[in-house]
């Protein structure tokens, strides 16, 4: 054996464990409001951070030192102060923007919390039900997606479908499948006041969050949410736009659900779907984004699909498998849209 390769891989292992601990500490920083308290304040001593947050001294001291070790915070040894740079705050203390990363920390922690159950599933072939991931998972999904959907969906993303946006502007109908906390549906209702927008999701807790958000914005008359599937919508109800954002790979019955979506498309309607940015060739997936999605796929997407009797498609289908799935459901036109994103791929599918 090559001792240098062993040493190098040993270093890699420590790097990866350090990354996991960084995620855990960053989650604490988001959850406890530490990043927000430090944002824009310059150099702060531990005592100032404690006063600003009202948190317990010993925890804050250890967190500050740990975050300085990761490089998330800058430390001045002479003054014994800590700084959250404007550049880091841009990502860590910017909730509601399209560049906020706090939700990823929530999701990672929620997924790791069920890792033992997923390990059991390797032997049994079972899975972990969506409900077992808890409220933190719902919060994380919402935090990770809200700003992106609110700021990019109806403008930049749908801007690639001008005929569809024209129909929505003139009173068309939109349906979001797997709507979660409802951010896509609300973004559409906000951008297209004449349109009727519907969101459906099988998780009643997520739908309750969506309805609450709609009520808070006085959009509950134009953004309607149901805790059931596409198949349970009133017969004959069709839509000019149907969307599914990071949802198709989670479907328990993907072909049947996609067939129902196809049948709900109005003439010239478009099915717009967003899936992780995964390549068809595994050699092209040696990058942090793909590693992140394979982790989420194993710990969450595949497992909750299996628990629901699904085929465990996983989050990492790639364009070829996605197109094949669409063809199997009866769609005939599949187009990858030229939308720039480091983490997502975008498709327009038509009958």
Task: Residues being more than 15 Å from the chain's Cα centre (by Cα) and part of a loop (DSSP other than H, G, I, E, B) - total across the range 83-120 - done: 6
- [ ] Select the strands (runs of 3 or more DSSP E) contained entirely in the range 252-351, then report the ones holding at least 3 residues which are in contact with a helix residue (DSSP H, G or I) (Cβ under 8 Å, 6 or more places away or on another chain).
- [x] 265-276, 344-350
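Quick one: which residue in 272, 346, 293, 331 is touching a residue at least 12 places away in the same chain (Cβ under 8 Å), under 30 Å from residue 123 (Cα atoms) and in contact with a strand residue (DSSP E or B) (Cβ under 9 Å, 6 or more places away or on another chain)?
293
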TODO: Could you figure out which of (1) at pLDDT below 95; (2) surrounded by fewer than 16 Cβ atoms within 10 Å (Cβ to Cβ) isn't true of residue 308?
DONE: (2)
TODO: Of the conditions (1) modelled with pLDDT of 95 or more; (2) loosely packed, with under 14 Cβ neighbours inside 10 Å; (3) assigned to a helix (DSSP H, G or I), residue 131 clears all except one; give me its number.
DONE: (1)
Task: Matching option when the condition is under 21 Å from the mean Cα position of the chain (by Cα) and assigned to a helix (DSSP H, G or I), among 10, 29 - done: 29
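The rows are residues; the columns are (1) out of contact with any helix residue (DSSP H, G or I) (no Cβ under 9 Å at 6 or more places or on another chain); (2) at pLDDT 95 or above; (3) more than 19 Å from residue 72 (Cβ to Cβ); (4) not in a helix (DSSP H, G or I).
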{"site": "4", "(1), (2), (3), (4)": "yes, yes, yes, no"}
{"site": "14", "(1), (2), (3), (4)": "yes, yes, no, no"}
{"site": "17", "(1), (2), (3), (4)": "yes, yes, no, no"}
{"site": "22", "(1), (2), (3), (4)": "no, yes, no, no"}
{"site": "42", "(1), (2), (3), (4)": "yes, yes, no, yes"}
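The values are calculated or read from the model by the stated rules, or taken from the named source; none is laboratory data. If you're wondering where the values come from, they're calculated on a predicted model, not measured in any experiment. Don't worry about glycine lacking a Cβ; one is built from the backbone with ideal geometry, like all the others, and counts go over all protein chains shown.
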